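Novice: Please find one structure pasted underneath; my questions will follow.
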Amino acid sequence: MSRLLEGFTLRPVAREEVATVLAPFLARLNREPERHIGYCDDTPEMMVDTLGRLSPAPEDTFRLAFEGGRLVGAFGFETDARMGRAWLFGPQVEHEAWEAVADALFAAVRPLLPEHVRELELYYDVRNTRCHEAGVRWGFGSAGDSYILRFERSRMAGVPRETAEELTPAHHEALKALHHELWPVSWMTGEQLLAKQDEHHRLLVLTEGPELLGYVFAKVQPEFGEGFIEHVAVPERVRGRGLGRRLVAAALRWMFSWDEVKVTHLVVRAENEAAVRLYRGLGYEVLHVMRAARRPWPGPGVAER
């Protein structure tokens, strides 16, 4: 436990506090565009689910700031050893001394970063100017903007009745090759996509004889009423044939085949104008304009650790 400012305390989150203290705090602040950060949800239940999937666990990666007995700030991260990246959850601060609390939380989190981390990423709504200013102060530079798009069940009447095929082992290698071609550095490999297939995760494909024309990877979380499209891939040589539109339409029909699913989301880079037009043409609406900011991270033995 460490002192922040007079009357403030920084400490780790206890395991039993993840659901009762941390998740409600992050979800509540994340409902406001001016405080919205990526990787976080806007309901405590979904936030508990997200935090429960993190590796390392939140009690090893999050720090909380208290003024007296009141929680006023939280900051943590998730890492990927293969990519060498840490995705930062925050800073989320609810105090007039926003800058001081955020700086203290960042200083407290930095020593927790594993040695495999070579890059840090912040991800926040462009309306979250405080997070942007903190990133500039901490040496982060813009890595581009993206849109979080939303599609509600009520818009399904305008979606064409397209179908796609279930993936078969005959196209496993082609799918892995296409995934690597389009996303050579990605948070999920082609092998991981294949391994995640189950009742709630679906890979749909379009083929022409033995050729794989494209795929879409979608998932549903019926307990939260949501679906997500995480990857849409069409090789450059066959673009312009409406294949992406067919894949997305098929994925929407699969996700909304679950009665519990009321809304779906996806993320697309703002610079990918063709994809943005495709999604907007099908009925997706912009929910958040997000900004990624990154900075390299020192190796072992560097004083900043």
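Novice: Residues to consider are Glu96, Glu59, Glu121; find the one that is assigned to a loop (DSSP other than H, G, I, E, B) and outside the structural domain of Gly225 (by TED's automatic domain parsing).
Specialist: Glu96
Novice: How about the range 222-261: which of its residues are assigned to a helix (DSSP H, G or I) and not aliphatic (A, V, I, L, M)?
Specialist: Residues satisfying the conditions are Pro222, Glu223, Phe224, Glu236, Arg237, Gly244, Arg245, Arg246, Arg253, Trp254.
Novice: Sticking with this one: Taking the residues in the range 4-14 that are in a loop (DSSP other than H, G, I, E, B) and at pLDDT 95 or above as candidates, determine which candidate is surrounded by the fewest Cβ atoms within 10 Å (Cβ to Cβ).
Specialist: Across the range 4-14, the extreme among qualifying residues is Ala14.
Novice: Look at the range 196-221 and say how many of its residues are surrounded by fewer than 17 Cβ atoms within 10 Å (Cβ to Cβ) and either of a type in the set (Ser, Thr, Tyr) or within 22 Å of Arg85 (Cα to Cα) (or both).
Specialist: Number satisfying all stated conditions: 1.
Novice: Moving on. Which members of the range 78-97 meet the condition of being in contact (Cβ under 8 Å) with a residue 40 or more places away in the chain, of a type in the set (A, V, I, L, M, F, W, C) and under 23 Å from Trp183 (Cβ atoms)?
Specialist: Those that are in contact (Cβ under 8 Å) with a residue 40 or more places away in the chain, of a type in the set (A, V, I, L, M, F, W, C) and under 23 Å from Trp183 (Cβ atoms): Met83, Ala86, Trp87, Phe89.
Novice: Name the residue, out of Ala218, Ala170, that is of a type outside the set (Asp, Glu) and modelled with pLDDT of 95 or more.
Specialist: Just one listed residue meets the conditions, Ala218.
Novice: Has the range 153-166 got at least one residue that is of a type outside the set (D, E, K, R), modelled with pLDDT of 95 or more and closer than 23 Å to Ala23 by Cα?
Specialist: no
Novice: While we're here: Looking at the range 38-54, which of its residues are in contact with a helix residue (DSSP H, G or I) (Cβ under 9 Å, 6 or more places away or on another chain) and either among the acidic types (Asp, Glu) or outside any helix (DSSP H, G or I) (or both)?
Specialist: Once the filter is applied, which keeps residues that are in contact with a helix residue (DSSP H, G or I) (Cβ under 9 Å, 6 or more places away or on another chain) and either among the acidic types (Asp, Glu) or outside any helix (DSSP H, G or I) (or both), the range 38-54 yields Tyr39, Cys40, Asp41, Asp42, Thr43, Glu45, Asp49, Leu54.
Novice: Filter the range 98-109 down to the residues that are touching a residue at least 40 places away in the same chain (Cβ under 8 Å) and either among the charged types (D, E, K, R) or surrounded by fewer than 17 Cβ atoms within 10 Å (Cβ to Cβ) (or both) and list them by number.
Specialist: Within the range 98-109, Ala100 is the sole residue that qualifies.
Novice: OK, next. Listed residues Val18, Val48; which is in contact (Cβ under 8 Å) with a residue 24 or more places away in the chain and more than 16 Å from the chain's Cα centre (by Cα)?
Specialist: Val18
Novice: If a residue must be within 17 Å of Val248 (Cα to Cα) and acidic (Asp, Glu), how many such residues does the range 161-219 contain?
Specialist: The qualifying residues number 3.
Novice: Could we say that Glu45 is at pLDDT 95 or above and closer than 21 Å to Ala19 by Cβ here?
Specialist: yes
Novice: Out of everything in the range 140-170 that is among the aromatic types (Phe, Trp, Tyr) and assigned to a strand (DSSP E or B), what residue ends up being farthest from Ala275 (Cα to Cα)?
Specialist: Taking the candidates together, the pick is Phe151.
Novice: Please go through the range 67-93 and pick out each residue that is assigned to a strand (DSSP E or B) and either basic (Lys, Arg) or closer than 12 Å to Pro114 by Cα (or both).
Specialist: Arg70, Phe77, Glu78, Thr79, Asp80, Arg85, Ala86
The values are calculated or read from the model by the stated rules, or taken from the named source; none is laboratory data. As the structure is a prediction and not an experimental result, all values here were calculated from the model. Don't worry about glycine lacking a Cβ; one is built from the backbone with ideal geometry, like all the others, and counts go over all protein chains shown.
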